[in-house]
């Protein structure tokens, strides 16, 4: 979610869902994981409503190469603001993999995409994030 | 295969969660789920019934565990009583044997001390029959063994003395 208001809306709806769907909780997972899934699904529905979800780009399996980001660019704030500038699709995959710790199979299930799409999206998202971080750094250096 | 971005995020994950919702969100959630209460009253009973079953089930398990616990406690108690019987018999035998001889009663102070310790241990066992009962029982058994050993020592000493006096007596006779 890009804006705080949107995030709060989604959180609110998600928790209303949690309480009204409580009887559907099947004990296949922990309550925490179940609630997390509901919140994520609400986020995704919100993104879909705003037509912000990703286009299935050419699905060429990408070699997963580690993306090295210069150490001085690795800060919580920089990464956060960099992620805000990513396309929603990229941000979603990055959020699910990097922040929420889902693996590509789980992301594929959540987003209803293939595992290889998840991997390519993730790889590209990281590269894009690196570009943004470097760009930001350069512009701030220029401004200073 | 993780790169430095992944490592960094993993290490600092909690710092990314800096946003908290305003209180308004929670009150909204509350008001949104409230009107459903009237409709869902029936299912409330279901929950209550489920809770009741759970509680009684839990209580059943609790009682079962409690029972099996006290069963094992009874077993332990029996074992203690048995070995106590065995040891008191041995100790009494020795004491009886001793009483046939004439000896310095000061020798028995050690035994009295051991008796005292034994009583203390027994009191402790009754007081907390929980976790360290094993330790206490072990200490009690050691106490008995010490008592027996002490009695044995006294007895042999007394016997020796007796033999000496006897031989002296006999030598004076003859």
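The values are calculated or read from the model by the stated rules, or taken from the named source; none is laboratory data. Owing to the predicted nature of the structure, the values given are computational and were not obtained by experimental measurement. Don't worry about glycine lacking a Cβ; one is built from the backbone with ideal geometry, like all the others, and counts go over all protein chains shown.
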Notebook entry, point to check: Restricting to the range A:73-118, what's the tally of residues that are more than 21 Å from residue A:39 (Cβ to Cβ) and touching a residue at least 60 places away in the same chain (Cβ under 8 Å)?
Noted result: 2
Margin query: As an exercise: evaluate residue A:126 against (1) farther than 18 Å from residue B:16 by Cα; (2) crowded, with 21+ Cβ neighbours inside 10 Å; (3) over 10 Å from the mean Cα position of the chain (by Cα) and give the number of the one condition it does not meet.
Written below: (1)
Next item on the list: Could you run through the range B:123-138 and say how many residues are modelled with pLDDT of 65 or more and loosely packed, with under 12 Cβ neighbours inside 10 Å?
Entry: 5
Note to self: Looking at the range A:19-33, I want the residues that are within 14 Å of chain B (Cβ to nearest Cβ) and have a partner that is in a helix (DSSP H, G or I) and surrounded by 10 or more Cβ atoms within 10 Å (Cβ to Cβ) with Cβ atoms under 6 Å, at least 6 apart or on another chain. Which pairs are those?
What the structure shows: A:19/B:33; A:25/A:34
